[in-house]
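For reference, the structure is listed below as structure tokens.
The values are calculated or read from the model by the stated rules, or taken from the named source; none is laboratory data. None of these values were measured; they are calculated from a predicted model. Note that we place each Cβ from the backbone using ideal geometry, even for glycine, and neighbour counts take in every protein chain shown.
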Amino acid sequence: MNFDNAEGILIGEKNKGLFAMFTMMNLERLSIGVQGVALAETSYQLSKNYALERKQGKNAAGQLTSIIAHTDIRRMLLTQRAYTEAGRALAVFMGIQLDKQYHHSDEEVRKQSAEITALLTPIAKSFFTDTGYDSCNLGLQVLGGHGYVREWGLEQLVRDAKIAQIYEGTNGIQAQDFMLRKVVFDKQNTFQDLIDLIQSSLEPDIQMQEYQALKQQTQKLLSEVLSTTQWLRQEFAERGYELQGGATSYLKAVGHLVYAWMWLEMLTTLDTATDSEFKSRKLVAASFYTQQLLPIAFEQCRQLKQGYQSFVDIADTLI
């Protein structure tokens, strides 16, 4: 394209173009995040259907069985579902916040919704797409060699899911944005608003076993995230450049906490569920998230505190 002697037309206010672009970008980041959730759900459905049909190996009773009976297959399927359903719940929550941000009659509510949406946007974009890509990889793994050929469609899901981690701001950049702008330099203290929302989900006295187990683990992780955040803010003045190496670990730790919050919210509504199978499936996925996925966040907090100074100081040739 040749733009010699072309005339430009100013759209909007002068020197406000970057601001306008980022208004678009932030909304697009949420759209891209939902792409990750959608691909993860597609992967789950395809791989579960395959696992129900594919006969291979024997079950605990020594009988020929579909591969869905094997514990490792169940691990992969439940990982996909536990992440995807929490992601879908968070997407709905953020959709509600966007509606309030742009359409609510109360100016203070509009302001609060805008702030919580801005805080959660890097988590949504990054965590949605990271877990989406991981879910598609797990789906392919369930199919084994069949997943690697085009006939089943899983290999395309993996390829499609990868780009969502890259465009509209790579997930590494989302992690930097979350750590720096949304937490360390958080002048509005919006991060505390998020903590308050999570704590409110810990207040109901629900005796359901699955809820109590998740509540206990979420309380422990909330304390860990708060102590890690306090440590990060204290250390950042002197160690900021180095500690940015842990931004991804920190975002994922908070992402796991936010997903725990979503699962708490889902479990509080199960009393009104009339479909017994739907209720049972929710309880199974919530238990799997509590026992197998939520503990990952404690290690991610530890990784941040471990620091990266020894890797900053070494020569480039040693990287």
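Numbers below:
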read-out	value
Within segment 70-95, considering residues that are under 19 Å from residue 122 (Cβ atoms) and among the aliphatic types (A, V, I, L, M), the one surrounded by the fewest Cβ atoms within 10 Å (Cβ to Cβ)	92
Single residue of 145, 169 found to be out of contact with any Cys (no Cβ under 9 Å at 6 or more places or on another chain) and on the phi > 0 side of the Ramachandran plot	169
Tabulated pairs, segment 200-214, first in contact (Cβ under 8 Å) with a residue 40 or more places away in the chain and farther than 16 Å from residue 257 by Cα, second among the small types (Gly, Ala, Ser) and surrounded by 15 or more Cβ atoms within 10 Å (Cβ to Cβ), C-beta under 8 angstrom, 6+ apart or interchain	210/286; 210/287
Among the residues listed as 207, 174, 165, the single one being within 30 Å of residue 235 (Cβ to Cβ) and not assigned by TED's automatic domain parsing to the domain that holds residue 116	174
Residue list for segment 267-302, filter: part of a helix (DSSP H, G or I), surrounded by 18 or more Cβ atoms within 10 Å (Cβ to Cβ) and not small (Gly, Ala, Ser)	267, 282, 288, 289, 290, 293, 300, 301
Test: residue in segment 150-160 that is under 15 Å from residue 124 (Cα atoms) and buried (at least 17 other Cβ atoms within 10 Å of the Cβ)	no
Which listed residue is modelled with pLDDT of 95 or more and either assigned by TED's automatic domain parsing to the domain that holds residue 225 or within 17 Å of residue 215 (Cα to Cα) (or both), from 257, 270	257
Which numbered condition residue 57 misses (of (1) touching a residue at least 12 places away in the same chain (Cβ under 8 Å); (2) under 26 Å from the mean Cα position of the chain (by Cα))	(2)
Only one of 243, 264, 226 that is part of a helix (DSSP H, G or I) and surrounded by fewer than 17 Cβ atoms within 10 Å (Cβ to Cβ)	226
Among residues of segment 187-196, those that are on the phi < 0 side of the Ramachandran plot, without any contact (Cβ under 8 Å) to a residue 12 or more places away in the chain and not in a helix (DSSP H, G or I), counted	1
From the options 113, 105, residue that is surrounded by fewer than 23 Cβ atoms within 10 Å (Cβ to Cβ) and part of a loop (DSSP other than H, G, I, E, B)	105
Considering residues of segment 118-154 that are hydroxyl-bearing (Ser, Thr, Tyr) and modelled with pLDDT of 95 or more only, the residue nearest to residue 41 (Cα to Cα)	135
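Residue by residue, here is whether (1) crowded, with 16+ Cβ neighbours inside 10 Å; (2) at pLDDT below 90; (3) of a type outside the set (Asp, Glu) holds:
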position: 12; (1), (2), (3): no, yes, yes
position: 24; (1), (2), (3): no, yes, yes
position: 33; (1), (2), (3): yes, no, yes
position: 57; (1), (2), (3): no, no, yes
position: 63; (1), (2), (3): no, no, yes
position: 68; (1), (2), (3): yes, no, yes
